[in-house]
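The values are calculated or read from the model by the stated rules, or taken from the named source; none is laboratory data. The structure displayed is predicted, hence computed values, not measured ones. Neighbour counts run over all protein chains shown; Cβ positions are idealised from the backbone, glycine included. The area values use the complete protein model at the heavy-atom level, side chains included, leaving out ligands, DNA and RNA. Shrake-Rupley method; radii C 1.70, N 1.55, O 1.52, S 1.80 Å.
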Amino acid sequence: MANSQALAQAQAHAQHQKLTRMKFARRIFFMIIGAALVSIGLEIFLVPNHIIDGGIVGISIIASHLSGFPLGIFLVLFNLPFVLLGYKQIGKTFAISTTFSVIIMSVGTSLLHPVKAITLDPLLAAVFGGIILGIGVGLVIRSGGSLDGTEIVAILFSKKTAFSVGEIVMFFNLFILASAGFVFGWDRAMYSLIAYFIAYKMIDITIEGLDQSKSVWIISDEYEKIGDSITNRLGRGVTYLKGEGAFTGDDKKVIFSVITRLEEAKLKSIVDDLDPKAFLAIGNIHDVKGGRFKKKDIH
């Protein structure tokens with residue numbers, strides 16, 4: 001009996017190890033893919049057209065252009081101090097993941113540098129370079145790493161100033177993109193701004209997904225009808241919460257549910273049909289885990 005229990009425990013441990021290794025391998029895989037995509041976006045689209053991105057990447061492109069040294073050298077050199085800061089302030093795993101991703105990106109830019117640009121049209125380069133770059137950065141971030149040290153600096157500065165991380169990053173990037181005007185010309189600086197904006201949006205889409213989740217809070221006297229309709233017509237589960245009106249002191253039922261962005265319009269239609277006076281609040285959710293979020297079959 002003792003041997004059977006030991007075997008069962010060993011098997012369970014092996015399964016846990018296997019799952020952990022699979023997750024680790026998956027992270028490594030997406031870090032490599034993400035860093036490789038960033039390299040493609042830079043060397044095949046942006047750099048040959050003198051278009052830059054924000055952050056350390058943008059500084060590295062300018063430094064490479066002015067000095068004549070390979071871009072990959074500056075990507076590693078400029079990110080290294082921030083990785084050390086990240087190791088102390090954010091953690092060992094983050095620092096290792098970031099170092100690995102930056103090295104892959106640096107090697108990728110070196111290998112792709114001799115490759116001819118796909119297009120010399122600056123607008124096409126800005127659009128497609130921004131898309132590829134944003135997807136790559138988003139994959140690396142989802143895998144627990146980073147490719148830009150300015151975010152680490154922004155986190156440190158935000159703790160000591162009244163500015164948010166986003167505001168600090170935006171300030172750095174506006175300064176870097178403006179610098180491109182003096183180096184490459186103001187038309188290239190404007191194309192760089194287009195590429196940066198597209199990359200920024202693609203990072204959000206890659207991290208959050210096209211099917212972004214939304215939390216829904218509904219207060220209505222017709223809560224049962226609305227809850228049943230959400231379940232039957234949308235295929236989403238609902239939870240009834242107990243509430244109390246602060247002004248009237250009346251007991252209220254609060255409907256809570258999680259839907260996708262694509263289902264938002266239909267949900268609003270359901271609520272409006274059953275109770276036009278219902279209170280409805282919808283917010284974005286960056287991650288959903290556990291529970292019964294999986295969509296049910298609609299009958």
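Structural remarks
- Residue-level analysis places I155 among those that are at pLDDT below 70 and not in a loop (DSSP other than H, G, I, E, B).
- Exactly one residue among V216, V271, V258 is under 25 Å from the mean Cα position of the chain (by Cα), open to solvent by less than 20 Å² (accessible area, probe 1.4 Å) and over 30 Å from A126 (Cβ atoms), and that residue is V216.
- Hits in region 230-241 (condition: open to solvent by less than 20 Å² (accessible area, probe 1.4 Å) and either modelled with pLDDT under 85 or farther than 14 Å from K253 by Cβ (or both)): L234, G235, R236
- Applying the condition of being in a loop (DSSP other than H, G, I, E, B) and of a type outside the set (S, T, Y) to region 242-255 and asking which residue is most open to solvent (accessible area, probe 1.4 Å) yields F247.
- Residue ranges of helices (runs of 4 or more DSSP H) in region 40-113 with at least 2 members at pLDDT below 85: 71-89, 92-112
- Set K252, K268, K201: member being more than 30 Å from D53 (Cβ to Cβ), charged (D, E, K, R) and modelled with pLDDT under 90: K252
- Tabulated pairs, region 73-93, first under 11 Å from V153 (Cβ atoms), second aliphatic (A, V, I, L, M) and open to solvent by 30 Å² or more (accessible area, probe 1.4 Å), C-beta under 8 angstrom, 6+ apart or interchain: L85/L156; Q89/I155; Q89/L156
- If the condition is being surrounded by fewer than 24 Cβ atoms within 10 Å (Cβ to Cβ), over 14 Å from F30 (Cα atoms) and of a type in the set (G, A, S), then region 116-148 contributes only A117.
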